[in-house]
Amino acid sequence: NYVVDLEASHHVYNRLTQSSNIKSPSVNQPYRTGFHFQPPKNWMNGPMIYKGIYHLFYQWNPKGAVWGNIVWAHSTSTDLINWDPHPPAIFPSEPFDINGCWSGSATILPDGKPVILYTGIDPKNQQVQNIAEPKDLSDPYLVEWKKSPLNPLMAPDAVNGINASSFRDPTTAWLGHDKKWRVIIGSKIHRRGLAITYTSKDFLKWEKSPEPLHYDDGSGMWECPDFFPVTRFGSKGVETSSFGEPNEVLKHVLKISLDDTKHDYYTIGTYDRVGDKFVPDKGFKMDGTAPRYDYGKYYASKTFYDSAKNRRVLWGWTNESSSVEDDVEKGWSGIQRLRMKQVNLRNKVLNSRSRLEVYGVTAAQADVEVLFKVRNLEKADVIQPSWTDPQLICSKMNVSVESGLGPFGLMVLASKNLEEYTSVYFRIFKARQNSNKYVVVMCSDQSRSSLEEDNDKTTYGAFVDINPRQPLSLRALIDHSVVESFGGRGRACITSRVYPKLAMGKNSHLFAFNYGSQSVDVLSLSAWSMKSAQIS
């Protein structure tokens with residue numbers, strides 16, 4: 001058996017990770033992204049700012065495009081768009097990480113010193129938590145890192161009852177009123193997913209708290225947790241250890257990546273700083289019913305506080321839809337923007353079963369924003385009471401199925417004769433018969449995205465909390481093999497990975513369309529060709 005199951009979402013493809021089995025990346029790379037971060041080759045998944053330089057650390061297999069031989073690769077940027085690579089910051093070298101350096105997080109200490117907590121895999125294949133720090137703090141690029149001789153700082157044992165194969169991904173740490181550091185680590189006990197809390201006075205000696213920060217029975221392993229404060233008003237980010245301004249009440253966000261579903265979920269709630277407990281607000285439950293940042297192919301996300309611009313920046317991993325063998329052929333796997341020529345359309349009508357091609361942009365690498373106005377809302381079909389899962393709605397009612405209002409939206413990465421296309425669109429339903437309340441569903445349909453049969457062509461869907469009496473906005477960022485879609489100005493987000501065989505490069509086309517029975521107005525459509533970022 002060539003696949004070693006590590007009881008996680010990480011599988012080691014031994015036959016494909018040995019140096020002798022690695023091919024040089026294909027010269028012709030039509031699917032390689034131009035304005036999403038992507039390493040020059042091979043596999044990645046996973047930030048901080050130090051002396052004005054943004055640092056992105058990501059898990060990378062230097063010997064192959066699939067999971068295995070994991071190191072912490074390192075790139076830096078001054079604008080989060082153009083990136084320069086550096087040697088790996090952390091790589092297996094000691095007993096506490098000899099079998100892999102897995103995910104973790106960076107924390108900026110009060111004196112400005114950055115440190116990294118990361119999961120190492122020891123000789124027994126146990127997951128343990130380690131620390132690394134820069135060798136030279138005067139170097140803003142932080143090229144060299146050193147590991148503490150005290151590692152591992154946190155490890156499973158017979159006393160603490162931690163599952164040794166499910167204990168990983170430490171978060172950015174935060175300081176409490178008692179001047180103790182806190183960090184949470186993802187874990188599970190049987191089917192209970194939980195965020196284990198550790199505390200420390202010096203960031204080196206850590207003690208497991210008696211109770212987890214939060215847990216849920218039945219959700220399975222919680223990977224890549226993220227925990228941070230947010231302000232209730234305004235759009236500024238909040239530093240991870242902040243208690244808020246005087247008379248300001250902060251909320252907290254707990255995000256987890258569910259190993260069972262391979263999706264990210266979040267809840268908003270209150271952090272009890274005395275009891276070290278997170279209590280979700282009413283209506284939130286940390287399981288597969290929780291809201292998601294992105295309802296498509298998006299996992300293992302991580303935020304960091306950008307102190308230079310007082311904002312919180314979210315990074316997410318968009319993995320592949322192609323087969324493992326195709327990943328090896330491409331020579332890379334996974335990714336993490338730049339307007340040029342612009343085309344504008346105004347006040348167009350999309351009649352029933354019609355399309356409007358958008359000319360004058362590079363359709364394989366573009367940014368498109370369209371504003372729709374719906375006529376005759378009373379013509380909307382009534383949604384069935386059992387239709388509670390938007391992804392199932394989109395799967396059963398794909399783009400070819402006509403309804404009263406919808407589907408209408410964009411066809412991207414389309415071939416000339418529509419043998420291939422990815423459609424991103426809205427449908428509008430009445431909440432019930434004779435109702436003046438409506439339900440808006442946003443879909444990303446990959447079922448016709450490629451003639452390649454082995455690709456993952458999952459159709460994704462999300463409910464969009466918007467009033468369809470108002471104009472409906474849809475934005476698509478198209479980057480060769482990635483389609484990021486934002487409905488209702490980001491109220492719903494769906495990311496897809498697609499690999500067309502025909503609709504590549506100059507052979508890619510872009511359409512606005514309406515396949516519903518009622519006409520839809522295009523108030524405005526703006527499209528920009530996008531240039532590639534520098535990832536040297």
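The values are calculated or read from the model by the stated rules, or taken from the named source; none is laboratory data. All of these numbers come straight from a predicted model, not from anything done at the bench. Don't worry about glycine lacking a Cβ; one is built from the backbone with ideal geometry, like all the others, and counts go over all protein chains shown. Ligands, DNA and RNA are stripped out before the accessible areas are found, and what is left, the full protein with its side chains, is counted by its heavy atoms. Shrake-Rupley method; radii C 1.70, N 1.55, O 1.52, S 1.80 Å.
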How many nm separate the modelled label positions at Lys309 and Asp202, each set 7 Å beyond the Cα in the direction of the Cβ? 3.9 nm
Grab every C-alpha pair in the range 386-479, bin the distances at 10 angstrom width from 0 up to the longest one, and report whole percents. 15, 47, 28, 8, 1
Hey, any idea what % of the chain's accessible area is carbon plus sulfur with a 1.4 Å probe? 49 percent
So what's the convex hull volume per residue for the Cα atoms of the range 94-144, in Å³? 77 Å³
Treating only Lys and Arg (+1) and Asp and Glu (-1) as charged, each at its beta carbon, one finds that the chain has a dipole about its Cα centre, in Debye to the nearest 20, of 1600 debye
Kirkwood calc, the range 235-285, C-alpha pairs only, radius in angstrom 12.7 Å
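For the range 474-536, divide the Cα radius of gyration by the Kirkwood radius and give the resulting Rg/Rh value with two decimals.
The Rg/Rh ratio comes out at 1.00.
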Binning every alpha carbon pair distance of the range 386-436 at 5 Å from zero, what are the percents per bin? 5, 17, 23, 25, 15, 7, 4, 3, 1
For the range 337-391, alpha-carbon Rg and Dmax in angstrom: 16.6, 46
Base-10 log of normalised Debye intensity for the range 144-295 (one unit scatterer per alpha-carbon) at q = 0.09, 0.12, 0.19 Å⁻¹: -0.29, -0.52, -1.24
Compute the Rg to Rh ratio over the range 127-173 from the alpha carbon atoms, using the Kirkwood formula for Rh, and round to two decimal places. 1.11
With a Cα-only, solvent-free Debye model of the range 401-536, what are the log10 I(q)/I(0) values at q = 0.12, 0.13 Å⁻¹? -0.49, -0.57
The range 132-145 - phi-based ³J(HN,Hα) in whole Hz, Karplus 6.51/-1.76/1.60, Gly and Pro as x: 9, 9, x, 6, 9, 6, 7, 8, x, 8, 6, 5, 10, 10
What is the spin-label model distance, in nm, from Lys373 to Thr388 if the labels are put 7 Å beyond Cα along the C-beta direction? 3.8 nm
Using the Kirkwood formula on alpha carbons, the hydrodynamic radius of the range 228-321 in angstrom works out to 14.5 Å
At 222 nm, what value in deg cm²/dmol follows for the chain if DSSP H runs of at least 4 each add -39500 (n - 2.57) and the sum is divided by all its residues, to the nearest 500? -1000 deg cm²/dmol
With every protein chain kept in place and a 1.4 Å probe, the chain has an accessible area per residue in Å² of 42 Å²
Can you compute log10 of I(q)/I(0) for the range 70-221 with the Debye formula, treating each Cα as one identical point scatterer, at q = 0.09, 0.18, 0.22 Å⁻¹? -0.30, -1.11, -1.44
With a point put 7 Å past each Cα toward its Cβ, work out how far Ala164 is from Asp465 in nm, to one decimal. 4.5 nm
Computed over the chain, the ratio Rg/Rh where both radii use C-alpha atoms and Rh is Kirkwood: 0.97
Pairwise centroid distance, computed over Cα atoms, of the range 78-113 with the range 402-456, Å: 40 Å
Of the residues Tyr438, Val498, Gly487, the Cα lying farthest along the dipole of the range 431-536 towards its positive end, which is defined by charges on the beta carbon of Lys, Arg, Asp and Glu, belongs to Tyr438
At a Förster distance of 30 Å, what's the computed FRET efficiency of His86 paired with Lys341, Cβ-Cβ distance as r, to 0.05? 0.35
Residues in the range 217-236, backbone N under 19 Å from the label point at Asp281 (7 Å along the Cα-to-beta-carbon vector): list them, ranges by number please. 226-236
Take the residue pairs Lys348/Lys396; Lys180/Lys255; Lys262/Lys302 and return only those whose Cα atoms are more than 24 Å apart. Lys348/Lys396
